[in-house]
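For reference, the structure is listed below as structure tokens.
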Amino acid sequence: MGRTKKGETRQDNLKNNLRALIDKFLLEEAVSLEQWESQFCVKSDNNCWQQKKCKEKSCPAYKQKNCRCWLIAGTMCGGGIQGVFAKKYRSCMECIVYQNSVFADSITEIEEHLIVLVHTLISKQEKINELATIDHLTGLHNRRYFDLLIESEINIMERNGGLINLALIDVDNFKRINDIYGHLVGDDILKAFARILLDSTRKSDIVVRYGGDEFLIAASCPDPDFDAAEIIENRIVDKLRVWNKKNAPTGIKLSISIGHSVLKKGDILETAIHEADQRMYKNKRLKLSI
């Protein structure tokens, strides 16, 4: 039985590492796969790009120190782009690189199978989390996601300063659109408007379907003098104008009502959202009174 650098057998080392991994999961700590593999698993020089004399530099496995190409998404095996590990794993099992890496000895085989198992469990958990936080119609994040993420954004703001711009947006007369054109058209409009919101915001902004035809944007601003809300609103209005012009033959013209508020250090989130909500409905009432 092989020895580790501390004199433990590899079997003892495997048992200890498994206990540590289980502790991480039980404590619900974020488990870094890269860290886990580097600490717990024997490294191998059995790299696919070396064995196959591969020159495909665009392959994400090219010259990677980690030999486990079957776990790397987008590899270029066979001349075409392969998918994520779970989808390509069975075909990878037939590869000589996989077999040389996994079946070197019994302990290595156990370790390698455990790596695959951990990847599988974490990827499935990520998929479950995604399903729980994504609005299935628009593809935007949902209110649950906002509730989970905004606390972290507030903590960052309170440490580093700045503020968070909030914008509540409601599609005007959406019930009337559903009544006249049907719910399928209404669904298409919500999806199109979600696309407009994503195209009008930064990747760092939180964009969610807050409920029904109501949307919420949270934009963090390190500079308190920078008005992200106004910039975002102008972009939305411009893109909505383009959408209306393009879809004029359908007879559908979209308009929206927006309410803004600012969340600063020490402010209460619920109060800021309520302020944005009140301003949104004030804007809507002004339109109706014209």
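Bear in mind these aren't lab numbers, they're just calculated from the coordinates by the rules spelled out. For clarity, every value in this text was computed on a predicted model and none was experimentally measured. Positions of Cβ are backbone-derived with ideal geometry, glycine not excepted, and every protein chain shown enters the neighbour counts.
With a point put 7 Å past each Cα toward its Cβ, work out how far LEU149 is from TYR181 in nm, to one decimal.
Using points 7 Å along Cα→Cβ, the separation is 2.8 nm.
Between SER204 and LYS63, what is the FRET efficiency for a Förster distance of 41 Å, r being their Cβ-Cβ separation, to the nearest 0.05?
That pair, SER204 with LYS63, gives E of 0.80.
How far apart, in nanometres, would the label points at GLN99 and ASN283 be if each is projected 7 angstrom from Cα along the Cα-to-Cβ direction?
6.4
Could you give the dipole magnitude of the chain about its Cα centre, charging the beta-carbon of Lys and Arg +1 and that of Asp and Glu -1, in debye to the nearest 20? Mind dumping the intermediate values first?
Working: 43 positive and 40 negative charges, 213 e Å.
It comes to approximately 1020 debye.
From the Cα trace of the range 64-192, what convex hull volume per residue do you get, rounded to a whole Å³?
Each residue corresponds to 206 Å³ of Cα convex hull volume.
Name the residue farthest towards the positive end of the dipole of the chain from the options SER91, ILE231, CYS54, assuming +1 on Cβ of Lys and Arg, -1 on Cβ of Asp and Glu, about the Cα centre.
About the Cα centre, the residue reaching furthest to the positive side is CYS54.
For the range 141-289, build the convex hull from the C-alpha positions and give me its volume per residue in Å³.
108
Taking the Cα centre of the range 141-289 as the origin and placing charges on Cβ (Lys, Arg +1; Asp, Glu -1), which of SER204, ALA192, LEU269 is farthest toward the positive end of the dipole?
With unit charges placed on the Cβ atoms, the residue in question is ALA192.
Which longest run of the chain has no exposed loop site in it, a site being GluC sites (Glu not before Pro) in a DSSP loop with at most 12 other beta carbons within 10 Å, and the site itself not part of the run? If you can, show how the numbers build up before the last one.
Working: sites that count: GLU28, GLU29, GLU94.
No qualifying site falls inside 95-290, the longest such stretch.
As a quick test, which of the pairs LYS57/LYS191; LYS55/LYS203; LYS245/LYS282 have an alpha carbon distance above 30 angstrom in this structure?
Beyond 30 Å between Cα atoms: LYS57/LYS191; LYS55/LYS203.
How would you rank CYS221, CYS92, CYS48, going from fewest to most other Cβ atoms within 10 Å of each one's own Cβ?
Least crowded to most crowded, the residues run CYS221, CYS92, CYS48.
Test of understanding: what is the full-extension gain from ASP23 to GLU126, defined as 0.36 nm times their sequence separation minus their Cα-Cα distance? If you can, show how the numbers build up before the last one.
Working: separation 103, 0.36 × 103 = 37.08 nm, distance 1.94 nm.
Once the chain is fully extended between ASP23 and GLU126, it gains 35.1 nm.
Which ordering of ASP223, ASP213 is given by a fewest-first count of other beta-carbon atoms within 10 Å? Could you put the intermediate results ahead of the total?
On the way: ASP223 10, ASP213 20.
Fewest-to-most Cβ neighbours within 10 Å comes out as ASP223, ASP213.
On the first, second and third principal axes, largest extent first, how far apart are the outermost C-alpha atoms of the chain in Å?
In descending order, the Cα extents are 84, 48, 32 Å.
Would you mind checking the tilt of helix 183-200 against the longest principal axis of the Cα atoms of the chain, expressed as 0 to 90 degrees and rounded to 10?
Between helix and principal axis, roughly 80 degrees.
For a quick check, take a GNM of the chain with Cα springs below 10 Å and name the residue from GLY162, GLY78, GLY182 with the largest mean-square fluctuation.
Between GLY162, GLY78, GLY182, it is GLY78 that shows the largest mean-square fluctuation.
Percent of Cα-Cα pairs per 5 Å bin, from 0 to the last occupied bin, for the range 199-248, please list those.
Here the calculated profile for the range 199-248 is 4, 18, 22, 24, 19, 8, 3, 1.
How do HIS141, HIS274, HIS260 line up, fewest other C-beta atoms within 10 Å first?
Starting with the residue having the fewest Cβ neighbours, the order is HIS274, HIS141, HIS260.
If each of LYS191 and LYS239 carries a label point 7 Å out from its Cα toward its Cβ, how far apart are those two points in nm?
Result: 1.7 nm between the two label points.
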